[in-house]
Amino acid sequence: MTFPEVDEQLAYLKKGAVEIIREQELRERLEKSFKTGKPLKVKAGFDPTAPDLHLGHTVLIRKLKHFQDMGHTAIFLIGDFTGLIGDPSGRSATRKPLTREEIDRNAETYKEQVFKILDHQKTVIDFNSRWFSKFSAIDFIRLAEKYTVSQLLERDDFHDRFQKEQPIAMHELLYPLAMGYDSVALEADVELGGTDQKFNLLTGREMQRQHGQPTQVVLMMPILEGLDGTQKMSKSLGNAIGIKEPPLEMYGKLMSISDELMWRYYTLLTDLRTAEIEDLKSRVASGAVHAMQAKNDLARRIGKDVHSEHAAHEAEENRAKQFQKHQVPDELPQCNVLTSQIGLGGAAADPLPIEIDKLLVVCALTPSRTEAQRKIKERAVHVENVLVEDRILRRSLPNPFVLRLGKRMLKVHLRAG
């Protein structure tokens, strides 16, 4: 195996990282790998707690790809055992445990989705049930011997809940120990994780030390902000971009982000080197490149990675039709709506009164009716290219019809019920 020079590797791998524990150890491992031709084992673990991944999840997956690009072994670890416990990180209450059926179903979708970023031929997919399913009660007792309760209570979320006299279930205390043991089982050289995982990642180092292994290097990536640019990307907050979303919908969402957030996305969601991003940023600042063009390039890059070059090009063309030529694109995201969901109650009157604020929420264009009503007052909502000026729409419409909020468009299909 031939690797790039260590300084080149280190510069690429550090891109976007918040903290490396310890950077000198990473350099030493890269140097040894360079001399011996033996790749590092680099793992990133994901508990399959939801069926679909979003771009926030791909921050770690892309960093795993960067190690893969440098010739190292990328291990995508699916926590089908730890998912049964539930990660307590950042939780103020015990997480509801998933069933084995939910875990297995979500794990299958993960295997499909990660290869949108990672090289299928060069990626090791593993499951931590491979070793934990063989654990006996004695093995778990031996594992629990490795940490004290006082050490676990040093963890911020456990400490806060303890101080507030909020319940901490015994199985939650096992989570960092189990996650730490994953590194022992895999003999990991490097583990990747978000900043919210620091305690768990350091537990992995401690577990390896206690098992007589060299301790893994920990590389932590930031939590990606969602479309609003403030809160973390989350489907529940309505600010996420799912990697299974249709190309045009993904493209439109990426074009809606702020110029400031654009550079954050360039750093965390593309393979461009830091120097290339800084050069582009300078050219935008000088006026040599328009910010909209830079954002367009970002949307195309991400669309190409998670869909295909053809799909990204088609989304770009459709968007041009939508906003530059004032045409409706060939393909639009679809929204199926029951009449009862938007206040019609299955009425047969013509025209049907439609509560537009409810419709915007049902079609996930706004997170709430309050926000929807604000957008209507801002004159940002159109139905069939006609401005909506009141939250109740009383005019005949085709079925399906085109609903637009700002620059986002979708086709609404009404169904009685």
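Brief remarks on what is shown
- With q set to 0.11 Å⁻¹, the log10 of I(q)/I(0) for the chain, from the Debye formula over equal scatterers at the Cα positions, is -0.93.
- Fully extending the segment from Met170 to Glu23 would add 49.5 nm, taking 0.36 nm per residue of separation and subtracting the current Cα-Cα distance.
- Whole-number accessible area per residue in Å² for the chain, which is evaluated in the context of all protein chains at 1.4 Å: 49 Å²
- Nearby lysines by direct alpha-carbon distance to Lys411 (threshold 29 angstrom, same-chain neighbours under 8 apart not counted): Lys116, Lys232, Lys235, Lys244, Lys253, Lys295, Lys304, Lys321, Lys325, Lys358, Lys375, Lys377
- Using all pairs of distinct alpha-carbon atoms, the Kirkwood hydrodynamic radius of the range 1-79 works out to 13.5 angstrom.
- Global geometry of the range 134-232, whether rounded, prolate or oblate, following the gyration tensor of its Cα atoms and the 1.5 cut on a/c: oblate
- Bins of 5 Å from zero: percent of alpha-carbon pairs in the range 251-309: 4, 19, 32, 27, 14, 3, 0
- Charge dipole (the chain, unit charges on Cβ, about Cα centre) - positive-most of Pro353, Trp131, Leu403: Pro353
- The equivalent ellipsoid that matches the C-alpha gyration tensor of the range 334-417 spans semi-axes of 18, 13, 13 angstrom, in descending order.
- Amide H partners (placed H, <5 Å) of Gly194, local residues excluded: Met221
- 222 nm mean residue ellipticity, helices alone, for the chain (DSSP H n ≥ 4; -39,500 (n - 2.57); rounded to 500): -13500 deg cm²/dmol
- FRET efficiency estimate (nearest 0.05) - Cβ-Cβ, His313 to Gln163, R0 56 angstrom: 0.55
- Diffusion constant of the range 201-314 at 20 °C, which comes from Stokes-Einstein with the Kirkwood Cα-pair radius and 1.002 mPa s, µm²/s: 133 µm²/s
- The mean of 1/r over all pairs of different alpha-carbon atoms in the range 181-233, once inverted, gives a Kirkwood hydrodynamic radius of 11.9 Å.
- The separation of the range 385-417 from the range 181-245, counted between C-alpha centres, amounts to 42 Å.
- Sorting His310, His382 by accessible area puts them as His310, His382; the probe is 1.4 Å, largest comes first, and only protein heavy atoms count.
- At R0 = 25 Å, FRET efficiency that the Cβ-Cβ distance of Glu278 and Asp228 yields, to 0.05: 0.45
- Asp228 contributes about 70 Å² of solvent-accessible surface, heavy atoms of the protein only, 1.4 Å probe.
The values are calculated or read from the model by the stated rules, or taken from the named source; none is laboratory data. Remember, it's a predicted structure, so these values are computed and weren't measured experimentally. Note that each Cβ is placed from the backbone with ideal geometry, even for glycine, and that neighbours are counted across all protein chains shown. Remember, those area values only see protein heavy atoms, side chains included, never the ligands or the DNA or RNA. Shrake-Rupley method; radii C 1.70, N 1.55, O 1.52, S 1.80 Å.
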